[in-house]
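Data first, discussion second: the structure below is written as C-alpha cells.
The values are calculated or read from the model by the stated rules, or taken from the named source; none is laboratory data. Bear in mind that the values here come from a model prediction, so they are computed numbers and not experimental data. Cβ: placed from backbone, ideal geometry, glycine included. Neighbour counts: every protein chain shown. All accessible areas refer to the heavy atoms of the entire protein, side chains included, with ligands and DNA or RNA removed. Shrake-Rupley method; radii C 1.70, N 1.55, O 1.52, S 1.80 Å.
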Amino acid sequence: MKAISLLALAAVSLLTISSSCQKEPAVSPTGLITGRILRLDQTFDQQLHHPRPRWVVDLAPLSLPGQADRPYSEAKVFALGDTAVYRVGQTVQFHYQLVPYAQQTPWKTYYEYFNMAATVPWTEPRPEITVTDAQVN
C-alpha cells in the first residue's frame, strides 16, 4: 500500500513538472518582425570553454520585458545561424519567441564574467529570444 502511494505521488510530481516546462506562445505569430544586428559576441560556458556566437538584435520600435520587467528594444539571440550570413549592420526579418528567464542560455562574454560593476546577481538585462524563419534583407 505504501509503495502505491509513493508511486502515485511520483506520478503527480512528474505531471506537475512537465506542465510547468511548456514554452510560452510565440510573440510574433502573425507576421515577420524586422530587426537590425547590432553586435556579434563570442560567449563561453561557465568554465570559459566551448565558444558560441551570440547576436544582439535591435527590435525598435518593439520592446520586450527584461530585467525587473524594464522594456528593452534589444534582444540577444544564440541560434540565428551561420556567422558568414548574418553580419553586423544587416537587417533581418524573422518570427521570434521570448525565452522564459529560467530557461535562458547562461553563456556570457569574458567581459560579462569578469565585470566588477555593481549589478543585481544572476540577472541579464536583455531578454533572450529564439528566432525562426530568419531572412536577410
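What are the residues in the range 34-81 that are open to solvent by 20 Å² or more (accessible area, probe 1.4 Å), aliphatic (A, V, I, L, M) and part of a strand (DSSP E or B), if any?
Of everything in the range 34-81, those that are open to solvent by 20 Å² or more (accessible area, probe 1.4 Å), aliphatic (A, V, I, L, M) and part of a strand (DSSP E or B) turn out to be Leu38, Leu40.
For Gln97, state whether it is touching a residue at least 24 places away in the same chain (Cβ under 8 Å), at negative phi and open to solvent by 40 Å² or more (accessible area, probe 1.4 Å).
Details: touching a residue at least 24 places away in the same chain (Cβ under 8 Å): yes; at negative phi: yes; open to solvent by 40 Å² or more (accessible area, probe 1.4 Å): yes.
Spelling it out, Gln97 is indeed touching a residue at least 24 places away in the same chain (Cβ under 8 Å), at negative phi and open to solvent by 40 Å² or more (accessible area, probe 1.4 Å).
Examine the range 123-132 for a residue that is farther than 15 Å from Ile33 by Cα, in contact (Cβ under 8 Å) with a residue 60 or more places away in the chain, in a loop (DSSP other than H, G, I, E, B) and not aromatic (Phe, Trp, Tyr), and state whether such a residue exists.
Checked against the condition, which is being farther than 15 Å from Ile33 by Cα, in contact (Cβ under 8 Å) with a residue 60 or more places away in the chain, in a loop (DSSP other than H, G, I, E, B) and not aromatic (Phe, Trp, Tyr), the range 123-132 yields at least one hit.
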